[in-house]
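Heads up: the structure comes next, in structure tokens.
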Amino acid sequence: MRRSVDGVLSTTLRVGYAYRQIGGVRLYVRSYEGGSPGPTLRMKPGDTLRIKLVNDLPPNRDAMPADMSRPHQFNNTNFHFHGAHVSPSGIADNVMRTMAPGYTYDIEIEVPDDHTSGTYWYHPHHHGSADVQMSSGMVGAAIIEGDFADVPEITEARERLLVLSQVVHDASGMIEDFETLFPETATRFLAINGQRRPMIAMRPGEVQRWRILNAGYQDDMLLDLEKHDLHAIAYDGIQLGVVEPFQQLLIAPGQRVDVLVKAGPAGTYALDAAPYDQGHPSPTGPLARIVVSGDPMDMKLPAALPPQPLESIRDAEITNRRTVVFSATAPEADAAGHWQEFGFFIDGKKFDPRRIDHRVELGAVEEWTIVNTHEHDDHVFHIHTNPFEVVSINGKPLAVPQWRDTVIVERKGGEVVFRSRFLDFTGVYMVHCHMMNHEEMGMMQTVEVYQP
Ligand SMILES: [Cu+2]
């Protein structure tokens, strides 16, 4: 864990190959600081994040392809602070930077004083290599502290961080070819914090707060904790205004959910990824075992939460509307197809970093409709820099609109409508599918926010 001191979180992140032992398998993959996940960054609103990123990977062996959306040059990297409302320009959260092997780069990100507090994360975002690097475990949590300060049932709860990942590797325990990642059956097993099926200890009646991050490179997970509800208190780092209890909770890649768990009687309970159909079967299997034992505690779930921190966007605020269409082409035998037979598009086009797809005035308040015309797969919409308020899904208005930075858009014409304020920062940033196989193959656009 790396913490801010006197308003500055100063750290090195070394990117290099490392051996890892996980679930009885020996991997040799790209990593942050030799581990997976990378170090957890903890800061407060108003802090400055100052990172020296040392790219110790070997030189790239391949030349740039003519088609940018063929995965390539796996040893280039950069840094993205997912979900943060920070500058996308210069040496801040700028995913257009190339951090080449053999060089060291400074990153400096100022977190605004009024930033929402919650569970965020970081990962590489270089087009061509991000998927290979994230599936190798180059992911980490970034926690902005200070939420629920007036809710003792939450501040007194023991906190745990659960970084979910899909572990994937070739016969040599490496990821050096896109074919290791692409078939929809590619995942070998699921892990939490780089461990296969770890134990989580609780006492009977204890309430714990779990910060859950789906850092898997590709798929949804339907979380199921045997005989226990998961009580959601925040999505994507943004506090909810009411506790939402779930028997099963779906989390897409890129999303976070903070939950309270109140342990039942002594015993061992399974935390699993349960079957779910996202167009292909989501990966299933054991995630952790919860061992409840010891002296009982009488901890309570909060009866109420304070109002959520972001003001709902009124109809009268909207200055513009636009529609964004996710689509794909697939071979007839979808699941068995080779990746080169697929195409992934937004508004009918593959990603081109030289093209600006959306120009938005600074201060605009927009309503976007995201449509997924792909027959085979749900997709996962994510936009950088500003969170959005989901107001309807598949034509049905939400009773309580939901602030998010990442949302599932269902296949066969699924539709999500959200509103967003484009505040504080100009620059170019990304809209993309957070299923990294899709992003890497072109399901990404640029947004330029400009000062009128
Ligand atoms: Cu997708």
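The values are calculated or read from the model by the stated rules, or taken from the named source; none is laboratory data. None of the values given here were measured: they were computed from a predicted structure. Positions of Cβ are backbone-derived with ideal geometry, glycine not excepted, and every protein chain shown enters the neighbour counts. Only protein heavy atoms, including side chains, enter the accessible area calculation; ligands, DNA and RNA are left aside. Shrake-Rupley method; radii C 1.70, N 1.55, O 1.52, S 1.80 Å.
When the stretch 19-49 is filtered for residues that are over 19 Å from Ala215 (Cα atoms) and crowded, with 17+ Cβ neighbours inside 10 Å, the ones remaining, listed by number, are Met43, Lys44, Asp47, Leu49. Among the criteria (1) in the same structural domain as Met444 (by TED's automatic domain parsing); (2) touching a strand residue (DSSP E or B) at 6+ places or on another chain (Cβ under 6 Å); (3) polar (S, T, N, Q), the one Gln340 does not fulfil is (2).
Inspect all residues belonging to the stretch 254-262 and state whether any of them is open to solvent by 20 Å² or more (accessible area, probe 1.4 Å) and in a loop (DSSP other than H, G, I, E, B). Within the stretch 254-262, not a single residue is open to solvent by 20 Å² or more (accessible area, probe 1.4 Å) and in a loop (DSSP other than H, G, I, E, B). Cβ-Cβ distances below 7 Å connect the following pairs, each with a first residue in the stretch 83-94 that is surrounded by fewer than 19 Cβ atoms within 10 Å (Cβ to Cβ), a second residue that is not in a loop (DSSP other than H, G, I, E, B), and a separation of six or more residues or different chains: Ser89/Gly427; Ile91/Asp106; Ile91/Ile107; Ile91/Glu108.
For the criterion of being modelled with pLDDT of 95 or more, within 12 Å of the ligand (Cβ to nearest atom) and under 27 Å from Ala316 (Cα atoms), Thr406 passes.
When Lys300 is tested against the conditions (1) within 30 Å of Pro397 (Cβ to Cβ); (2) not assigned by TED's automatic domain parsing to the domain that holds Ile370, the lone failure is (1). Residue pairs whose Cβ atoms lie under 7 Å apart, sitting 6 or more positions apart in sequence or on different chains, and linking a residue in the stretch 294-312 that is at positive phi to a partner that is part of a loop (DSSP other than H, G, I, E, B), are Gly294/Arg203. Here is the figure for the stretch 424-446: residues that are more than 16 Å from the ligand (Cβ to nearest atom) and either under 22 Å from Ala234 (Cα atoms) or not assigned by TED's automatic domain parsing to the domain that holds Asp352 (or both) total 0. Yes or no: the stretch 363-373 includes at least one residue that is open to solvent by 10 Å² or more (accessible area, probe 1.4 Å), assigned to a loop (DSSP other than H, G, I, E, B) and within 16 Å of the ligand (Cβ to nearest atom). Checked against the condition, which is being open to solvent by 10 Å² or more (accessible area, probe 1.4 Å), assigned to a loop (DSSP other than H, G, I, E, B) and within 16 Å of the ligand (Cβ to nearest atom), the stretch 363-373 yields at least one hit.
For the stretch 391-437, the set of residues classified as part of a loop (DSSP other than H, G, I, E, B) and open to solvent by less than 10 Å² (accessible area, probe 1.4 Å) consists of Asp405, Phe422, His434, Met435, listed by residue number. Only one of the numbered conditions (1) modelled with pLDDT under 95; (2) surrounded by fewer than 17 Cβ atoms within 10 Å (Cβ to Cβ); (3) within 23 Å of Tyr276 (Cα to Cα) is violated by Glu184, and that is (2). Looking across the stretch 210-233, the residues that are under 21 Å from Thr155 (Cβ atoms) and open to solvent by less than 10 Å² (accessible area, probe 1.4 Å) come down to Trp210, Arg211, Ile212, Leu213, Leu230, Ala232, Ile233.
Counting only strands (runs of 3 or more DSSP E) that fall entirely inside the stretch 66-152 and contain at least 1 residues that are among the hydroxyl-bearing types (Ser, Thr, Tyr) and in contact with a His (Cβ under 9 Å, 6 or more places away or on another chain), the qualifying elements are 118-123. Considering Leu305, Leu310, Leu301, Leu287, the condition of being assigned to a strand (DSSP E or B) and open to solvent by less than 60 Å² (accessible area, probe 1.4 Å) is satisfied by Leu287 alone.
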